[in-house]
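The structure appears right after this line, and notes come after that.
The values are calculated or read from the model by the stated rules, or taken from the named source; none is laboratory data. Quick caveat: nothing in here was measured; it's all calculated off a predicted structure. Please note: Cβ atoms are built from the backbone with ideal geometry, for glycine as well, and neighbour counts cover all protein chains shown.
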Amino acid sequence: MRPEAQPTTEGIAGHALPQDPFDLLLAYEAGARAHSARAAEQAEAPGLWRGIGYRVGRHWLISSINEVNEILTPPPLTSVPGTKPWLLGVANIRGNLAAIVDLKLFLEGDRTMLSERSRVLLARQPGGLVGLLIDEVAGQRNLTDENEPLPDAEDDPRYRPFVKAQFAVDGRTWGVFSMAALTRLPEFRQAAQ
């Protein structure tokens, strides 16, 4: 049986906090459940969009920070016989298998040359994880309501289905690349020869 609640003390921002440890934990839990990091982020900077910038060949792209689960150095791979050349293999990522795809090879037909800057962007897709091998990561890029999309569409037809807008940021043209559109593409989901 729980003891009766004790008197409260003044807490942060004038809110009363219970002195009873159990009630205090309940108050903390209720506060944590009510807290929305997204709402706080938007309150601080309404209209802010965050993405991860990266390069594939000559293309500088940004994907939503919500689409990129993790950035990895290229992991050891196990090849999968009978698959298209752009499916490099599968990797064990902390106990989960992830298909690793050479994004440049899939989109352009040219293999990505591995270097010390090469990375794998890990994304979720229906049915599991997929890693996209890219040339390099440029870090986080932010867009706000003040960033006007460029009037020209993506000039490369192979990228156009995935790049719906382009922006000039930091002296470079960035295409906003939708990983969700890529992973829904039937050709992408069918890696068997």
Problem set entry | Tally of residues being assigned to a loop (DSSP other than H, G, I, E, B), under 19 Å from the mean Cα position of the chain (by Cα) and at pLDDT below 95 across the range 81-128 | 3
Exercise. Got at least one residue in the range 62-73 being assigned by TED's automatic domain parsing to the domain that holds TYR159, surrounded by fewer than 17 Cβ atoms within 10 Å (Cβ to Cβ), within 14 Å of the chain's Cα centre (by Cα) and free of Cβ contacts under 8 Å to residues at least 12 places away in the same chain?
Worked result: yes
Exercise. Across the range 144-180, what is the total count of residues that are under 26 Å from PRO46 (Cβ atoms), surrounded by 12 or more Cβ atoms within 10 Å (Cβ to Cβ) and without any contact (Cβ under 8 Å) to a residue 24 or more places away in the chain?
Worked result: 7
Problem set entry | Candidates GLN140, GLN166, filtered to the one that is more than 23 Å from ASP110 (Cβ to Cβ) and of a type outside the set (Val, Ile, Thr) | GLN140
